[in-house]
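What follows is a short report on a single structure.
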Amino acid sequence: MARSPRALRRSRGYAAITLVSGPSLPQIVASPSAPSLSASSTTGAVVTTLTARPSDATRTLTPNDGRLALSSDGGQIVVGVSGLSAGVITAVVTDAYTDGRTSTLTIAVTVTAAGQSITDDITGGNTIVTDDITGSNQPVTDDVSA
């Protein structure tokens with residue numbers, strides 16, 4: 001369809017812009033996705049396994065305070081050289097690509113006090129903390145009314 005000279009005059013001075021999106025970035029996946037460990041875990045113990053780091057990306061872990069670290073190949077989060085204490089560590093894994101794009105995964109890592117383990121009391125619906133020293137069960141939450 002031919003344009004009239006009048007339509008061409010109105011469109012002069014404008015550039016057509018075509019937006020092209022690049023290929024989607026691979027997702028970072030952790031297994032287990034909500035890991036837990038004891039505060040007495042040894043340095044280098046595996047916390048969670050990650051999908052392989054793409055060859056054109058640099059993988060980092062924050063916080064970078066020594067409690068957790070990446071394995072040498074970036075395929076695992078491991079216990080770092082700093083001491084652990086009970087609580088939750090919010091770990092963020094980032095793959096930074098050479099073209100400036102990034103992919104991130106946030107993981108909540110639960111650290112239990114040394115000498116305790118988290119178990120699920122299926123029959124009663126209670127999540128309990130078992131104290132390995134005294135053997136007593138201390139209810140933490142009641143998921144289902146018993």
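The values are calculated or read from the model by the stated rules, or taken from the named source; none is laboratory data. The structure presented is a predicted model; accordingly, all values stated were derived computationally and were not measured. All Cβ positions, even for glycine, are placed from backbone atoms using ideal geometry, and neighbour counts span all protein chains on display.
Taken together, 66, 83, 100 contain a single residue that is closer than 13 Å to residue 40 by Cα and surrounded by fewer than 14 Cβ atoms within 10 Å (Cβ to Cβ), which is 83. Here the condition is being closer than 30 Å to residue 115 by Cα, free of Cβ contacts under 8 Å to residues at least 24 places away in the same chain and in a strand (DSSP E or B); of 69, 91, it holds for 69 alone. Among the residues making up the stretch 94-118, a single one is part of a loop (DSSP other than H, G, I, E, B) and either touching a Lys or Arg at 6+ places or on another chain (Cβ under 6 Å) or free of Cβ contacts under 8 Å to residues at least 40 places away in the same chain (or both): 100. If you go through the stretch 38-55 and keep only what is surrounded by 11 or more Cβ atoms within 10 Å (Cβ to Cβ), in contact (Cβ under 8 Å) with a residue 24 or more places away in the chain and out of contact with any strand residue (DSSP E or B) (no Cβ under 6 Å at 6 or more places or on another chain), you end up with 40, 51, 54. Scanning the stretch 38-63 for residues that are touching a Gly at 6+ places or on another chain (Cβ under 9 Å) and under 18 Å from residue 85 (Cβ atoms) returns 38, 39, 40, 43.
To keep it simple, each residue is scored yes or no on (1) among the polar types (S, T, N, Q); (2) modelled with pLDDT of 95 or more; (3) in the same structural domain as residue 99 (by TED's automatic domain parsing); (4) farther than 12 Å from residue 93 by Cα.
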| site | (1), (2), (3), (4) |
| --- | --- |
| 15 | no, no, no, yes |
| 25 | no, no, no, yes |
| 40 | yes, no, yes, yes |
| 47 | no, yes, yes, yes |
| 51 | yes, no, yes, no |
| 56 | no, no, yes, yes |
| 68 | no, yes, yes, no |
